[in-house]
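Since the structure comes first, as structure tokens, the remarks are kept for the end.
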Amino acid sequence: MEIKRKFLISDLPDNLSDYPCHQIEQGYLCTDPVVRIRRQDDSFILTYKSGGMMSREEYNLPLSAEAYEHLRPKTDGIYISKKRYCIPFGRYTIELDIFEQDAAPLILAEVEFPSVEEANAFVPPAWFREDVTWQPYYHNSYISRHGYQKPDDRISTS
């Protein structure tokens with residue numbers, strides 16, 4: 001089970017280069033349910049995610065580099081590229097994603113939790129801005145289909 005909250009941030013931490021950083025690229029074979037392939041540095045993963053916003057099932061399976069390259073052209077939409085910084089914050093790790101290429105200039109912070117209760121009780125650091133956990137526009141699977149849409153650019157569906 002994956003339980004996480006997502007936030008826009010107001011400012012990057014001053015000492016960002018002090019934290020581990022991963023280069024990530026990912027594409028989606030399906031978005032309902034989510035079936036994703038990801039390259040993180042030199043690791044390759046196939047992921048299944050059930051529906052949901054803050055809490056959902058997640059299964060990760062290792063892929064070989066060859067399998068990843070075979071599946072890559074079969075993905076739909078844009079390929080997401082981002083740098084992920086892993087920043088310790090008390091008992092948690094903040095995963096700060098700085099999106100590149102088609103999804104730039106989006107910057108999101110995600111925090112994973114062992115329970116829904118802890119997720120709901122979480123008090124974010126001062127440099128976090130809006131909680132966007134419940135907004136589908138900030139899910140990577142949505143971005144892969146529609147690109148990053150700044151709030152002013154979104155077409156209302158109501």
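Note on the chain: GNM, Cα springs under 10 Å; of HIS22, HIS70, HIS139, the largest mean-square fluctuation is that of HIS70. Please report, as a whole percent, how much of the solvent-accessible surface of the chain comes from carbon and sulfur atoms (probe radius 1.4 Å). The computed percentage sits at 51. For LYS83, a cut-off of 12 angstrom between C-alpha atoms picks up these aspartates and glutamates, skipping any fewer than 8 places away in its own chain: GLU25, ASP41, GLU95, ASP97, GLU100.
Along its principal axes, segment 1-72 has C-alpha extents of 39, 29, 17 angstrom, given from the largest down.
Note that segment 38-158 shows a convex hull volume over its alpha carbon atoms of 144 Å³ per residue. Please work out the Cα center distance from segment 132-147 to segment 47-93, rounded to the nearest Å. The two parts, judged by their Cα centres, are 14 Å apart. Summed over the residues of the chain and divided among them, the accessible surface reaches 54 Å² per residue at a probe radius of 1.4 Å. Think of it as helices only: each DSSP H run of n ≥ 4 in the chain is worth -39500 (n - 2.57), and spread over all residues that comes to -3000 deg cm²/dmol at 222 nm.
The values are calculated or read from the model by the stated rules, or taken from the named source; none is laboratory data. As the structure is a computational prediction, the values presented were derived from the model and not from experiment. The accessibility values were calculated without ligands, DNA or RNA, using every heavy atom of the protein model including side chains. Shrake-Rupley method; radii C 1.70, N 1.55, O 1.52, S 1.80 Å.
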